[in-house]
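Everything on this sheet refers to the single structure shown next.
The values are calculated or read from the model by the stated rules, or taken from the named source; none is laboratory data. Quick caveat: nothing in here was measured; it's all calculated off a predicted structure. Cβ sites come from the backbone with ideal geometry, for glycine too, and all protein chains shown count toward neighbours. Note: accessible area is taken over every heavy atom of the protein model, side chains too, but ligands, DNA and RNA are not part of it. Shrake-Rupley method; radii C 1.70, N 1.55, O 1.52, S 1.80 Å.
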Amino acid sequence: MFNALVVEKDEESGKTSAAVKEISDADLPEGNVTVAVEYSTVNYKDGLCIGPGGGLVRQYPHVPGIDFAGTVESSEDDRYSPGDKVVLTGWRVGEVHWGGYAQKARVNADWLVPLPKGLDTRQAMAVGTAGFTAMLAVMALEDHGIKDGPVLVTGAAGGVGSVATAILANLGHEVAGVTGRPETADYLKSLGATQIVPREEINETTKRPLEAETWGGCVDAVGGEMLARALGQIKYGGSVAAVGLAGGAGLPATVIPFLLRGVNLLGIDSVMQPYDNRLRAWERIAKDLPMDKLEAMIHPATLGDLPGLGKDILKGQVKGRVVVDVNA
Ligand code: NDP
């Protein structure tokens, strides 16, 4: 028997509840690799899946946790042997398949990658899905060319934003972090942000389709009004890597930045990334993300803390990265 955060749904009221329970190997879903999970994290989607599901969870009872790192316990796949350290992000694990909020997980070998050299399982989960996605966003900006000038990072104090800030700064870019929480300014500067932009300063600009060419590129974790404003402020030929919708799924923008400034809007999806891309991104993370900055982002948590943390992340109240020690 082992511990897991199990979300159950009361069929009569339709309400869900989450609690740490003991489950057994026989309860685990099908898969060809069983992993002794060491760490998981709290991402925006986890907040949804710990609560009423938001359309992501298909079946209850459910074990959330969209990412985890741990050690292979048993494997029916030639690529993995007991004792191998592995990382998992994406593939709808924690949504339609039971995830990392448990001391064991059973998954498909295709969804795993070997832990890259230079990272331990705790560091890998300090990065987690948010940091992995931040790296994908930086790589997409690089592929299209980052222009001179500061790179704008929106939702900077959140998970994606924190890691994107640290990576971009370490690569030598000036970083302008947009935050709605002025009290996080020192934290963002410690990650390498050279400029702190209050959220309202971006949201309350002229709202013309084109504004002054200001940013060499943008990693946007917020969407909505913020993304629309960023598009109009990117330098000619620059790109915005759109990662998230913490501020809304709508996009009140015009086509003008694309037509008159050749701006690229790059959609970033971490979920269905093929194996080679995932490996490349993890290797870049191990190389380009300073571990002392990663440490500064970490908030430790246990399985029992998750119901509260799930609510906090949906309210945009989590700073940096929550690392869940599932064995604590
Ligand atoms: P966090 O909650 O850690 O960070 C989001 C940040 O956005 C907050 O910290 C806050 O930053 C800002 N924010 C929140 N609400 C608003 C609002 N109403 N208006 C403006 N800014 C707001 O989440 P993550 O960083 O983990 O994820 C960010 C987004 O990216 C989510 O939508 C998530 O679902 C998505 N995502 C997408 C992935 C993909 O594959 N495309 C993978 C991972 C995440 P501050 O306080 O600094 O203003």
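The strands (runs of 3 or more DSSP E) found entirely in the stretch 1-92 that carry 2 or more residues being open to solvent by less than 20 Å² (accessible area, probe 1.4 Å) and among the hydrophobic types (A, V, I, L, M, F, W, C) are 2-9, 33-41, 67-75, 85-89.
Take the residues in the stretch 241-258 that are loosely packed, with under 13 Cβ neighbours inside 10 Å and of a type outside the set (A, V, I, L, M, F, W, C); name whichever of them is nearest to the ligand (Cβ to nearest atom). Per the stated criteria, the residue is 250. Every test in (1) touching a Lys or Arg at 6+ places or on another chain (Cβ under 7 Å); (2) within 15 Å of the ligand (Cβ to nearest atom); (3) of a type outside the set (Lys, Arg) is passed by residue 121 save one, and that test is (2). Would you say residue 10 is within 24 Å of residue 309 (Cβ to Cβ), modelled with pLDDT of 95 or more and acidic (Asp, Glu)? Considered against the rule, which asks whether it is within 24 Å of residue 309 (Cβ to Cβ), modelled with pLDDT of 95 or more and acidic (Asp, Glu), residue 10 comes out as no. Sub-9 Å Cβ pairs linking a first residue in the stretch 64-84 that is more than 20 Å from residue 127 (Cβ to Cβ) to a second residue that is open to solvent by 20 Å² or more (accessible area, probe 1.4 Å) and hydrophobic (A, V, I, L, M, F, W, C), at least 6 apart or interchain, are 73/36, ordered by first then second residue. Under the condition of being surrounded by fewer than 16 Cβ atoms within 10 Å (Cβ to Cβ) and either free of Cβ contacts under 8 Å to residues at least 40 places away in the same chain or within 16 Å of the ligand (Cβ to nearest atom) (or both), the residues counted in the stretch 317-328 number 2. At least 2 residues being touching a strand residue (DSSP E or B) at 6+ places or on another chain (Cβ under 7 Å) and under 24 Å from residue 228 (Cα atoms) is the threshold, and among the strands (runs of 3 or more DSSP E) wholly inside the stretch 97-154 those reaching it are 151-154. Here is the figure for the stretch 259-271: residues that are touching a residue at least 24 places away in the same chain (Cβ under 8 Å), more than 9 Å from the ligand (Cβ to nearest atom) and open to solvent by 60 Å² or more (accessible area, probe 1.4 Å) total 2. Can you say whether residue 230 is under 21 Å from the mean Cα position of the chain (by Cα) and open to solvent by 20 Å² or more (accessible area, probe 1.4 Å), as far as the supplied structure shows? For residue 230, the condition - under 21 Å from the mean Cα position of the chain (by Cα) and open to solvent by 20 Å² or more (accessible area, probe 1.4 Å) - is not met.
For the stretch 295-307, the criterion of being closer than 16 Å to residue 141 by Cα, open to solvent by less than 70 Å² (accessible area, probe 1.4 Å) and touching a residue at least 24 places away in the same chain (Cβ under 8 Å) is met by none of the residues. Checking every residue in the stretch 276-289 against the condition of being out of contact with any helix residue (DSSP H, G or I) (no Cβ under 6 Å at 6 or more places or on another chain), open to solvent by less than 30 Å² (accessible area, probe 1.4 Å), within 16 Å of the ligand (Cβ to nearest atom) and at negative phi gives at least one match. Is it the case that residue 197 is on the phi < 0 side of the Ramachandran plot, in contact with a strand residue (DSSP E or B) (Cβ under 6 Å, 6 or more places away or on another chain), modelled with pLDDT of 95 or more and among the aliphatic types (A, V, I, L, M)? Yes.
One residue stands out in the stretch 206-216 among those that are among the hydrophobic types (A, V, I, L, M, F, W, C) and touching a Lys or Arg at 6+ places or on another chain (Cβ under 9 Å): the one that is farthest from the ligand (Cβ to nearest atom), namely 210.
Would you call residue 219 at pLDDT 95 or above, crowded, with 22+ Cβ neighbours inside 10 Å and within 14 Å of the ligand (Cβ to nearest atom)? Answer is yes for this residue.
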